[in-house]
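Report on the following structure.
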Amino acid sequence: MSERSERMMKYVHSTVATDQSLKNLEHTQRMQALLVKAMNLLPVQEQDMFLSGARTLSIEIIRDPKIPFGMKTRSSGSKESREYTISICRECVDWTENRFLGAILRELGHVVAGLSPEEEWPELRGDRARFKEHVELVADCMVWKWGLRHYNMSYLTETFQPHWVDRIVKDIELLLESDQRFKNG
């Protein structure tokens, strides 16, 4: 194992908190191994963001709520001292490896892109829904920019209906073409 991979493993193990009732489950170990794998897939610049503390991240593995949501990223604090929390439902351990990796990479895309706290989102319901859709699109674009499109596609195709996947892919391609954040160089 390389020194960087070992540092990433220690980082992930120090970042993950588990619901007390899930502490002894082998599922937690599998999720941690997948989280380490996902973090090691990131480009070096993004890995350094996490390892250096430039992005404050905590990951919590939780019991499945009445309506499981898979994974979700929340942020809090000012732009200068923002903290991010990724919540992962226990159900995700049963997903295929590529779907899990695609989902967690999407959530890491939120963190790298600097997801704003929900209280800063638009207040009107329609505007809020459009903003949420755009936020998800930006996270997908981050994954594609990192050269990990195949994981994102696994997540999308195993999560959404084909007509939604087609629309999302078309929107990703449009945003990649139009947004300077995703241009190389």
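Coupling constants for the range 27-37 follow from the phi torsions by the Karplus curve (6.51 cos²θ - 1.76 cosθ + 1.60, θ = phi - 60°), and in residue order they are 4, 4, 5, 5, 4, 4, 4, 5, 5, 4, 4 Hz; glycine and proline get x. Local charge for residue 106 was computed over the other residues whose Cβ lies under 10 Å away, with Lys and Arg +1 and Asp and Glu -1, and equals -3. Label-to-label distance for residue 150 and residue 130 is 3.7 nm, based on points extended 7 Å past Cα in the beta-carbon direction. Beta bridges assigned by DSSP with both partners in the range 37-166 are antiparallel in approximately 45 percent of cases. Counting only other residues whose beta carbon sits under 12 Å from that of residue 146, what net charge do I get with K and R as +1, D and E as -1? Within the 12 Å Cβ shell, the charges total +1. Counting only protein heavy atoms and a probe of 1.4 Å, the accessible surface of the range 35-170 is 50% carbon and sulfur. For a paramagnetic label modelled on residue 160 (point 7 Å from Cα along Cα→Cβ), amide N atoms under 11 Å away belong, within the range 122-137, to 133-134, 136-137. Is the shape of the range 1-71 rounded, prolate or oblate, going by the alpha carbon gyration tensor and its root eigenvalues a ≥ b ≥ c, with a/c under 1.5 for rounded and a/b larger than b/c for prolate? Prolate.
The phi-based Karplus calculation (6.51 cos²θ - 1.76 cosθ + 1.60; θ = phi - 60°) puts the 3J(HN,Hα) values of the range 6-14 at 5, 4, 5, 4, 4, 4, 4, 5, 7 Hz, whole numbers, x for Gly and Pro.
A Cα-only calculation for the chain places Rg and Dmax at 16.2, 50 Å.
Each peptide in 139-147, 35-43 was scored by the mean count of other Cβ atoms within 10 Å over its residues; highest first, the order is 139-147, 35-43.
In the chain, helical runs assigned H by DSSP with n ≥ 4 each contribute -39500 (n - 2.57); averaged across all residues and rounded to the nearest 500, the mean residue ellipticity at 222 nm is -18000 deg cm²/dmol.
The values are calculated or read from the model by the stated rules, or taken from the named source; none is laboratory data. Quick caveat: nothing in here was measured; it's all calculated off a predicted structure. We place every Cβ from the backbone using ideal geometry, glycine too, and count neighbours over all the protein chains shown. For the accessible areas, the whole protein counts, side chains as well, though only heavy atoms, and no ligand, DNA or RNA atoms are used. Shrake-Rupley method; radii C 1.70, N 1.55, O 1.52, S 1.80 Å.
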